[in-house]
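Here's the structure we're looking at; comments come further down.
The values are calculated or read from the model by the stated rules, or taken from the named source; none is laboratory data. Note that the structure is a prediction, hence the values are computed from the model and not measured. Please note: Cβ atoms are built from the backbone with ideal geometry, for glycine as well, and neighbour counts cover all protein chains shown. These accessible areas exclude ligands, DNA and RNA; they are computed on the full protein's heavy atoms, side chains included. Shrake-Rupley method; radii C 1.70, N 1.55, O 1.52, S 1.80 Å.
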Amino acid sequence: MNDWRRAELRARTPESATARTLHLTVDGWPGHLPGQHVDVRLTADDGYRAVRSYSLSAPADGDRIEVSVQPAPHGEVSPYLAEDFPVGAGIEVKGPLGGWFVWKLGRPGPVLLVAGGSGIAPLAAMLRARLDLGDDGPPFHLAYSLRDPGQRWFGALLDGIAKAEDPAVTAACLYTRTAPPGHPRPVGRITAADLDLPGFRPADGALAFVCGPTAFVEKAANLLVHLGHRPDLVRTERFG
């Protein structure tokens, strides 16, 4: 299941001024669960290889997968993937990987998604999988912490949720530096009030997924535990 497979870049779409989503077709892709990730391997003409891990940002769709990439300053792989990797070119992927940080569609009970910056990628896959269920899915809420509107990923997805006004699937952007005019929440870092939501409290049996930079994940997870959530129902994935 975890052999390297050839993948081809079909398209590249923007998420922000610098971030990109890569749309890939993978030979013999076995499918995946929302929240899983892949290893990506690039091989240079001189034989040098570089491997990086990226979350899958869309639910299973045959042999097609999506990974969303934020170029790292002075990085050797992410800037190339985001800007220069040619459409139609091949790359290698291994996966799907990970079995803990996943949402299984048959699980009952509300789901609270907490994202910090580019940590929204695997949570977007969960959110999109939930939307595919229509009225048959459990309540979902996304708390998305980001610096400013220019760093907002998956804008079409979030705008669609806001437009639908479905109380079962909601999302809130928590801006830390600059908010758009008229935004209802004051600028600032995530707080307990952002996570203490009716229908998503410990008594409701909520399952929480937290993803983002290490410091953000530690703070958000601690807030959830202090609110009374069982630690085994707070699943985390961190980077950096």
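Quick notes on this structure:
- Scan of the stretch 75-86 for residues that are over 20 Å from the mean Cα position of the chain (by Cα) and in a loop (DSSP other than H, G, I, E, B), ordered by number: Gly75, Glu76, Phe85, Pro86
- Residues located in the stretch 139-184, provided they are open to solvent by less than 60 Å² (accessible area, probe 1.4 Å) and aliphatic (A, V, I, L, M): Leu142, Ala143, Leu146, Leu157, Leu158, Ile161, Ala168, Val169, Ala171, Ala172, Leu174, Ala179
- Subset of the stretch 36-64 [out of contact with any strand residue (DSSP E or B) (no Cβ under 7 Å at 6 or more places or on another chain) and touching a residue at least 12 places away in the same chain (Cβ under 8 Å)]: Pro59, Ala60, Gly62
- Residue match in the stretch 84-93 (condition: open to solvent by 50 Å² or more (accessible area, probe 1.4 Å) and either of a type in the set (S, T, N, Q) or more than 19 Å from Leu9 (Cβ to Cβ) (or both)): no
- Looking only at the stretch 102-138, and only at residues there that are open to solvent by 20 Å² or more (accessible area, probe 1.4 Å) and of a type in the set (D, E, K, R), the one that is farthest from Phe200 (Cα to Cα): Asp132
- In the stretch 1-23, residue most open to solvent (accessible area, probe 1.4 Å) [restricted to those that are among the β-branched types (Val, Ile, Thr) and either free of Cβ contacts under 8 Å to residues at least 60 places away in the same chain or touching an Asp or Glu at 6+ places or on another chain (Cβ under 7 Å) (or both)]: Thr13
- Of all residues in the stretch 11-36 being of a type in the set (D, E, K, R) and out of contact with any helix residue (DSSP H, G or I) (no Cβ under 7 Å at 6 or more places or on another chain), the one that is nearest to Glu237 (Cα to Cα): Glu15
- Residue match in the stretch 223-234 (condition: of a type outside the set (A, V, I, L, M) and either under 21 Å from Thr176 (Cα atoms) or touching a residue at least 60 places away in the same chain (Cβ under 8 Å) (or both)): no
- Filtering Ala221, Ala206 for residues that are open to solvent by less than 70 Å² (accessible area, probe 1.4 Å), in contact with a Ser or Thr (Cβ under 9 Å, 6 or more places away or on another chain) and under 17 Å from Val111 (Cβ atoms) leaves a single hit, Ala221.
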